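Q: This structure is in structure tokens; I'll ask about it shortly.
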Amino acid sequence: MKLYADTADLNDLETLAAWGVLSGVTTNPTLLNKVEGEEEDIYRKVCGLVDGPVSAEVVAEARGEMVSEGRRLAAIHPNIVIKLPMGAESLAATNTLASEGIRVNMTLCFTAPQAILSASAGAAFVSPFLGRFDDIGQSGLTALKEIVEAFAMADYDTEVLAASIRHPIHVVEAARMGADIATIPPKVFYQMLQHPLTAAGIETFTADSQARGARGSTEVSR
Ligand code: G3P
């Protein structure tokens with residue numbers, strides 16, 4: 001399973017890119033709204049930090065305008081993928097954009113039927129949301145499992161991009177289910193990294209290494 005960063009924050013992207021774990025980036029209007037600067041400049045900088053697909057979401061609501069906005073965004077950088085919110089207008093726009101070689105990430109997907117329509121329309125990625133199910137007391141992982149199983153049997157080329165990740169368990173479960181990609185907020189990346197036993201173990205090894213070094217310098221000075 002590939003890991004994408006779900007953010008437009010350039011500082012977080014620089015930090016995470018240095019870990020060598022990122023294969024792409026996803027953004028959306030809410031994430032973009034948190035970053036100062038011109039939209040095109042932000043996307044260009046994001047593409048400069050991470051060498052992989054970068055999802056840029058259109059805000060137009062009609063198919064024609066979606067296609068125009070998608071073409072404009074795709075022209076910013078070859079790695080730009082056009083994010084469209086699931087719906088009839090987006091399916092129609094996906095058909096056109098995909099026929100022009102512009103990749104689409106169908107987002108705000110919550111069910112297997114929505115995902116199947118997205119794949120059939122030619123989307124390169126479909127983004128089932130996990131956390132927003134959890135937010136209303138339901139299980140996003142159940143929908144994700146259905147989608148991954150259906151896509152495996154239907155042999156779709158569309159990649160399943162697990163989104164709306166709230167904690168490390170979502171990442172683990174998405175991997176166990178066979179999702180192609182998980183797009184992860186920086187906060188969850190940092191949670192994945194840390195464990196109190198790791199910290200305690202490093203502290204002990206450091207102390208023992210220093211103790212040995214101190215003993216060695218005493219022996220040498222005799
Ligand atoms: O990329 C989609 C993702 O950002 C949505 O996550 O936390 O707003 O549900 P969230």
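Q: Hey, which aspartates and glutamates would be in cross-link range of K45, C-alpha to C-alpha under 20 Å, not counting anything within fewer than 8 residues on its own chain?
A: D6, D9, D12, E14, E36, E57, E69
Q: OK, next. Return the long-range amide H neighbours of T7 (sequence gap of 5 or more, or a different chain), with a cut-off of under 5 Å between placed amide H atoms.
A: Amide H neighbours of T7, under 5 Å, 5+ apart: T26.
Q: Further, regarding this structure: Using +1 at the Cβ of each Lys and Arg and -1 at the Cβ of each Asp and Glu in the range 2-194, identify which of A162, S127, S139 lies farthest towards the dipole's positive end.
A: S139
Q: State whether the range 1-81 is rounded, prolate or oblate according to the following rule on the C-alpha gyration tensor (a ≥ b ≥ c being the square roots of its eigenvalues): a/c under 1.5 gives rounded; otherwise a/b larger than b/c gives prolate, and the remaining case gives oblate.
A: Numbers: a/c = 2.04, a/b = 1.69, b/c = 1.21.
Cα axes put the range 1-81 in the prolate bin.
Q: Could you give the size of the charge dipole of the chain about its Cα centre, using +1 on the Cβ of each K and R and -1 on the Cβ of each D and E, expressed in debye and rounded to the nearest 20? Mind showing how you got there, number by number?
A: On the way: 17 positive and 28 negative charges, 122 e Å.
With Lys and Arg at +1 and Asp and Glu at -1, about 580 debye.
Q: Same structure again: For the range 1-42, build the convex hull from the C-alpha positions and give me its volume per residue in Å³.
A: So the per-residue hull volume is 69 Å³.
Q: Explain nothing, just compute: Karplus ³J(HN,Hα) = 6.51 cos²θ - 1.76 cosθ + 1.60, θ = phi - 60°, for every residue of the range 186-195 in order, whole Hz, x for Gly and Pro.
A: x, 3, 6, 4, 5, 5, 4, 6, 9, 8
Q: Then there's this: Give the accessible surface of the range 2-194 per residue, rounded to a whole number of Å², with probe radius 1.4 Å and ligands, DNA and RNA excluded. Present the calculation step by step, with values, prior to reporting the outcome.
A: Values: 8710 Å² over 193 residues.
Value for the range 2-194: 45 Å² per residue.
Q: What list of ³J(HN,Hα) values in whole Hz, one per residue of the range 21-37 in order, does the Karplus curve 6.51 cos²θ - 1.76 cosθ + 1.60 (θ = phi - 60°) give from phi, with Gly and Pro shown as x?
A: Running phi through 6.51 cos²θ - 1.76 cosθ + 1.60 with θ = phi - 60° gives 10, 8, 10, x, 9, 10, 10, 7, x, 5, 5, 5, 5, 8, 10, 6, x Hz.
Q: Give me, ordered by chain and number, the residues 5 or more places off E159 or on other chains with an amide H under 5 Å from its own placed amide H.
A: Here F125, V126 satisfy the definition.
Q: Also, I was wondering about something else. Sort out for me the Cα centre separation of the range 21-47 from the range 139-154, rounded to whole Å.
A: Answer, in whole Å: 28.
Q: Let me know the shape class of the range 2-194, please: from the alpha-carbon gyration tensor, a ≥ b ≥ c as square roots of the eigenvalues, rounded when a/c is under 1.5, otherwise prolate if a/b is greater than b/c, or oblate.
A: Judged from the Cα gyration tensor, the range 2-194 comes out oblate (a/c at least 1.5, b/c at or above a/b).
Q: Tilt of helix 168-177 relative to the longest C-alpha principal axis of the chain, in degrees (0 to 90, nearest 10)?
A: On a 0 to 90 degree scale, this one is about 60.
Q: To continue, here is another question. Label S68 and Q138 with points 7 Å out from Cα along Cα→Cβ: what is the distance between them in nm?
A: 3.5 nm
Q: Right, next: Going by average Cβ neighbours within 10 Å, how do the peptides 197-204, 85-92 rank, with the highest at the top?
A: For the peptides 197-204, 85-92, the packing ranking is 85-92, 197-204.
Q: By how many degrees, 0 to 90 and rounded to 10, does the Cα axis of helix 39-49 deviate from the longest principal axis of the chain?
A: 50 degrees
Q: Something else: Suppose only helical runs count, i.e. DSSP H with n ≥ 4. What mean residue ellipticity at 222 nm does that imply for the chain under -39500 (n - 2.57) per run, divided by all residues and rounded to the nearest 500 deg cm²/dmol?
A: -16500 deg cm²/dmol
Q: Still on this structure, I have one more. Enumerate the amide H contacts of V54 below 5 Å, restricted to partners 5 or more residues apart or on another chain; note that Pro and chain-start residues carry no placed amide H.
A: HN-HN under 5 Å from V54: V25, I80, V81.
Q: Specify the angular offset, from 0 to 90 degrees and rounded to the nearest 10, of the alpha carbon long axis of helix 140-154 from the longest principal axis of the alpha carbons in the chain.
A: Tilt of helix 140-154: around 70 degrees.
The values are calculated or read from the model by the stated rules, or taken from the named source; none is laboratory data. Treat the numbers as computed from the prediction; the structure is a model and nothing was measured. Note that we place each Cβ from the backbone using ideal geometry, even for glycine, and neighbour counts take in every protein chain shown. Remember, those area values only see protein heavy atoms, side chains included, never the ligands or the DNA or RNA. Shrake-Rupley method; radii C 1.70, N 1.55, O 1.52, S 1.80 Å.
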